[in-house]
1. So, for the range 301-369, what is the accessible surface per residue at a probe of 1.4 Å, expressed in square angstrom?
2. Compute the normalised compactness of the chain: alpha-carbon radius of gyration over 2.2 N^0.38 Å, N being the residue count.
3. So, with +1 on the Cβ of K and R and -1 on the Cβ of D and E, and no other charges, what is the size of the charge dipole of the range 1-141 about its Cα centre, to the nearest 20 debye?
4. Quick check: from the Cα gyration tensor, does the range 18-76 come out rounded (a/c under 1.5), prolate or oblate?
5. Quote the relative contact order of the range 80-133 in percent (integer), defining contacts as alpha-carbon pairs under 8 Å separated by 6+ residues.
6. Counting only heavy atoms of protein chains, what accessible area per residue, in Å², does the range 69-127 have with a probe of 1.4 Å?
7. Just to confirm my numbers, what's the Cα centroid distance between the range 17-54 and the range 119-162 in Å?
8. Please report, in debye to the nearest 20, how large the charge dipole of the chain is about its Cα centre when each Lys and Arg carries +1 at its beta carbon and each Asp and Glu carries -1 there.
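The values are calculated or read from the model by the stated rules, or taken from the named source; none is laboratory data. Just so we're clear, the structure is a prediction, and the values are computed from it rather than from any experiment. With ideal geometry, Cβ positions are generated from the backbone for all residues, glycine too; neighbour counts draw on all protein chains shown. Just the protein is used for accessible areas: all its heavy atoms, side chains included, with ligands, DNA and RNA removed. Shrake-Rupley method; radii C 1.70, N 1.55, O 1.52, S 1.80 Å.
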Amino acid sequence: MPTDSTHPSVNPRLAEKALALGGFAIGTTEFVIMGLMQRIADDYGIAVQNVGLAISAYALGVVVGAPLISAIGARVPRRRLLIGLMVVFAASNLLTLLAPSFHGFVALRFFAGLPHGVYLGVAALVAANVAEPHERGRAVGRVLVGLTLAILAGAPLATWIGGLLGWKAAFVLVGALALATALLVRLWVPVQPANEGASLRSEISAMTKPRVLFTLAVACVGFAGMFSVFSYAMPTLTHQAGMPEALGPLVLAVFGVGAVIGNFAGGRAADAHPIRGVAFILAWCSLVQLGFYFAADQVWSGILFVGLVGTGGALAPVLQTRLMDVAGDAQTMAATLNHAAFNIANALGAWLGGLSVTVGLGWSATGLVGMTMALAGLSIFLIALAQERVAQVPA
């Protein structure tokens with residue numbers, strides 16, 4: 001795997017903190033809108049369900065931006081690329097103050113989504129290069145933990161600020177966090193020279209490598225189960241277990257705690273044995289998501305299993321590290337496509353979970369969907385390993 005040179009006096013932990021702050025800002029803007037939907041709808045005079053268009057626009061921006069910016073920016077020095085991405089991200093959020101209409105707001109959400117996957121993918125590559133070789137996975141996990149901390153603290157804080165000062169203030173906060181990230185990346189992240197061997201062709205080649213495609217498929221399918229449960233966790237516990245709506249923030253917090261724990265555990269698994277780590281985590285996800293199906297009849301057991309489902313976030317650093325190992329010269333494209341895959345998993349899981357409820361299987365059937373998707377992801381991964389053995393390619 002090609003690596004970039006780093007300054008010998010760099011403090012890896014400071015670099016990781018700067019990079020993680022960007023992930024915190026990205027996660028906050030992605031999840032805060034769920035808590036502000038009614039206020040946004042009231043301000044623009046639209047139905048609450050129509051606000052979902054803004055969520056879809058952001059996800060579309062992630063999926064479009066990941067391959068497009070990766071291909072264009074492959075030869076840009078990584079620190080400079082990260083700073084540029086954060087500036088664009090900051091502007092897209094700050095300009096929400098001036099959005100005259102809902103359609104203008106939706107357009108800004110699309111532009112805010114464009115840097116998402118590229119920033120997280122490149123940040124993971126930078127953290128892995130700065131860290132000691134035996135700590136790559138943990139370094140990636142420490143960077144990606146910014147996303148999970150956003151679920152736990154960022155989105156609730158921004159929602160509170162949005163309720164206090166107006167919903168647009170939440171996006172101003174995100175913009176400020178992004179600008180702070182750009183500054184800290186400039187100060188704490190070492191210069192990493194451009195990959196002179198990178199080209200549009202070499203980066204696009206990532207999308208033709210079987211091992212990259214299989215890994216992305218595992219992310220799309222295996223991760224979808226977690227989102228199936230999470231997307232409907234609160235209405236499931238409210239309608240099926242009789243949970244008071246006032247406990248909704250606790251459900252989100254418990255999921256966030258589980259995701260943080262999973263992220264760190266996944267980082268360790270990536271360093272110890274990434275192949276077994278992927279298989280074990282997918283098997284674990286299938287068990288806890290099945291457990292949610294049975295636990296959701298009671299409030300406290302249901303909340304506990306929401307937290308256990310959140311530990312499925314362990315899959316992120318393991319898959320991110322595996323992509324670094326199998327991408328060859330297409331490091332940037334592969335790393336960023338991973339986050340596009342996670343957003344596809346989000347959309348797929350939410351759709352399948354909603355479908356299971358719509359056809360009358362019951363609210364907790366999202367757990368059955370989750371188990372099925374985790375096992376499907378495990379099956380894809382095992383098929384990939386079998387093909388590698390046949391082709392005599394080291395895993």
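1. 26 Å²
2. That ratio works out to 0.94.
3. Dipole about the Cα centre, nearest 20: 320 debye.
4. Taking the square roots of the gyration eigenvalues as a ≥ b ≥ c, the range 18-76 is oblate.
5. Once normalised by length, the contact order is 43 percent.
6. 34 Å²
7. Rounded to whole Å, the Cα centres lie 19 Å apart.
8. I would put it at about 580 debye.
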